[in-house]
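*Asks:* The following block contains the structure, expressed as structure tokens.
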Amino acid sequence: PQQSKWQVWTEENVRSTFHKRFAGAHKGTFGTGLLLAGSDEMPGSALLAGKGALKSGIGKLTIGTSRFVSGILAGQLPEAMYKHDGLEAVGEGDVPKGIKACAIGPGLADAGKTDMALQHLMNTDLHLVIDAGALKKRTYPKRKGLVILTPHPGEFSRMTGVPASDIQKNRFQYALAYAQEQNAIVILKGRYTVLAFPDGSLIVNPTGNAGLAKGGTGDTLTGMLLAFVSSEKDVKPAVANAVYFHGASADLWEQTNAERGLLASDVSEHLPLVMKSFE
Ligand code: B4P
Ligand code: MG
């Protein structure tokens, strides 16, 4: 990409774009999000993403998952609402009303049902965060709502057919080309996560550490992105700040703990303290 078009997202960028809630706010101010995540063998992904969303300030959260998973989650995440068999319901065209954004993918194992749900979601104006089990080779139609794709290099390889090792050598170029081709925001994860936008701009995130190299941390980020796009108006800083805070939370943990001991749920637990230093 052209030199002038990429930037590192700095502490200063966060400070100038992230604001304290205004005193007269109510939950409707911060949007309702739908999270389609979790399956019987991966229930935790829905919990981690849900926690990431709630700790990031989403107004209301509905988690669409299996009855088995909602039974596990309800006691641990009582702040959320639950839509039983939510993936199937959306796949039949039953998209809940009054929501602003939907995140789909963490812990989803059924590719057919996931595709059906995505087809219906594409026909709405909702902002979509597409991750994990919902990422594959496909084309995205031009639509009003945002399409935000959050692959790690393995998933990006599955989406593009390019070997992960080649992607890692040219992260900027591959992310940007895909973002422009598909009119989507591509968040290519890893050390120095790259955010590529359809307008040709690129942001590089400086935060995070190898403590994040553990199952579940990506699910937390998906929930955080759902919250930030549901509650913020300005898209670019919303997604950049979500990625920044995700890494900054791991960095805060690392000041007093060994990286290897970091859990994805610790990332969410530390978020309020990290965000406090930017208010
Ligand atoms: P999956 O088994 O699909 O992993 P997952 O369920 O998606 O895990 P999770 O959701 O927790 O983490 P994610 O990566 O989404 O795939 C794992 C396989 O994919 C690996 O076995 C590998 O083969 C391949 N793969 C994954 N990452 C790769 C990479 N960087 N290079 C080559 N192959 C890779 O999200 C993790 C989060 O932690 C992201 O936000 C990421 O930016 C952050 N993170 C991870 N390591 C970091 C580091 N060293 N520094 C800063 N941030 C880091
Ligand atoms: Mg993941």
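*Asks:* Is it the case, given these coordinates, that K189 is of a type in the set (K, R), touching a residue at least 24 places away in the same chain (Cβ under 8 Å) and within 17 Å of H270 (Cα to Cα)?
*Replies:* So K189 does not fit the description; no.
*Asks:* Just the residues that are under 17 Å from K113 (Cβ atoms) and out of contact with any helix residue (DSSP H, G or I) (no Cβ under 8 Å at 6 or more places or on another chain), please, taken from region 72-91.
*Replies:* G86, A89, listed by residue number.
*Asks:* May I pose another question? As an exercise: evaluate A242 against (1) small (G, A, S); (2) within 16 Å of ligand 2 (Cβ to nearest atom); (3) not in a helix (DSSP H, G or I) and give the number of the one condition it does not meet.
*Replies:* (3)
*Asks:* Identify, please: which residue in region 133-150 is closer than 19 Å to V162 by Cβ and hydrophobic (A, V, I, L, M, F, W, C) and is, among those, farthest from ligand 1 (Cβ to nearest atom)?
*Replies:* Restricting to residues being closer than 19 Å to V162 by Cβ and hydrophobic (A, V, I, L, M, F, W, C), the top hit is L149.
*Asks:* Criterion first (in contact with a helix residue (DSSP H, G or I) (Cβ under 6 Å, 6 or more places away or on another chain), polar (S, T, N, Q) and either surrounded by 20 or more Cβ atoms within 10 Å (Cβ to Cβ) or free of Cβ contacts under 8 Å to residues at least 12 places away in the same chain (or both)) does S16 satisfy it?
*Replies:* The answer is no for S16.
*Asks:* So V194 ticks every box in (1) surrounded by fewer than 16 Cβ atoms within 10 Å (Cβ to Cβ); (2) touching a strand residue (DSSP E or B) at 6+ places or on another chain (Cβ under 8 Å) but one. Which box is left unticked?
*Replies:* With (1) surrounded by fewer than 16 Cβ atoms within 10 Å (Cβ to Cβ); (2) touching a strand residue (DSSP E or B) at 6+ places or on another chain (Cβ under 8 Å) applied to V194, the lone miss is (1).
*Asks:* If you go through region 224-234 one residue at a time, do you hit one that is more than 15 Å from the chain's Cα centre (by Cα), near ligand 1 (Cβ under 9 Å from one of its atoms) and in contact (Cβ under 8 Å) with a residue 24 or more places away in the chain?
*Replies:* no
*Asks:* Restricting the search to region 51-70, which residues are buried (at least 24 other Cβ atoms within 10 Å of the Cβ), within 25 Å of K276 (Cβ to Cβ) and in contact with a Gly (Cβ under 6 Å, 6 or more places away or on another chain)?
*Replies:* G52, A53, I58, L61
*Asks:* Step by step: first the residues of region 192-222, then only those that are aliphatic (A, V, I, L, M), within 12 Å of ligand 2 (Cβ to nearest atom) and assigned to a helix (DSSP H, G or I), then the one that is nearest to Q255 (Cα to Cα). Which residue is that?
*Replies:* Step by step, filter region 192-222, then rank; the result is L212.
*Asks:* Of all residues in region 139-164, count the ones that are outside any helix (DSSP H, G or I) and in contact (Cβ under 8 Å) with a residue 12 or more places away in the chain.
*Replies:* Total satisfying the criteria: 16.
*Asks:* Something else now. Taking region 180-191 only, how many residues are of a type outside the set (D, E), over 16 Å from the mean Cα position of the chain (by Cα) and more than 16 Å from ligand 2 (Cβ to nearest atom)?
*Replies:* 3
*Asks:* Take the residues in region 92-122 that are within 16 Å of ligand 1 (Cβ to nearest atom) and in a loop (DSSP other than H, G, I, E, B), then tell me which one is nearest to V147 (Cα to Cα).
*Replies:* Step by step, filter region 92-122, then rank; the result is G105.
*Asks:* Has region 165-174 got any residue that is in contact (Cβ under 8 Å) with a residue 24 or more places away in the chain, crowded, with 16+ Cβ neighbours inside 10 Å and farther than 18 Å from V229 by Cβ?
*Replies:* no
*Asks:* Still on this model: Could you please find all residues in region 243-275 being of a type in the set (D, E, K, R), surrounded by 15 or more Cβ atoms within 10 Å (Cβ to Cβ) and over 20 Å from the mean Cα position of the chain (by Cα)?
*Replies:* E254, E259
*Asks:* On to the next question. Given region 1-72, what strands (runs of 3 or more DSSP E) lie entirely inside it while holding 3 or more residues that are over 14 Å from the mean Cα position of the chain (by Cα)?
*Replies:* Result: 6-8, 60-65.
*Asks:* Another question, then. Restricting attention to region 198-209, which residues are away from ligand 1 (no atom under 14 Å from the Cβ) and either among the polar types (S, T, N, Q) or surrounded by 24 or more Cβ atoms within 10 Å (Cβ to Cβ) (or both)?
*Replies:* Passing the criteria: only S201.
FYI, it's all coordinate maths here, none of it is from the lab. The structure displayed is predicted, hence computed values, not measured ones. Positions of Cβ are generated from backbone atoms using ideal geometry, with glycine treated the same way; all protein chains shown enter the neighbour counts.
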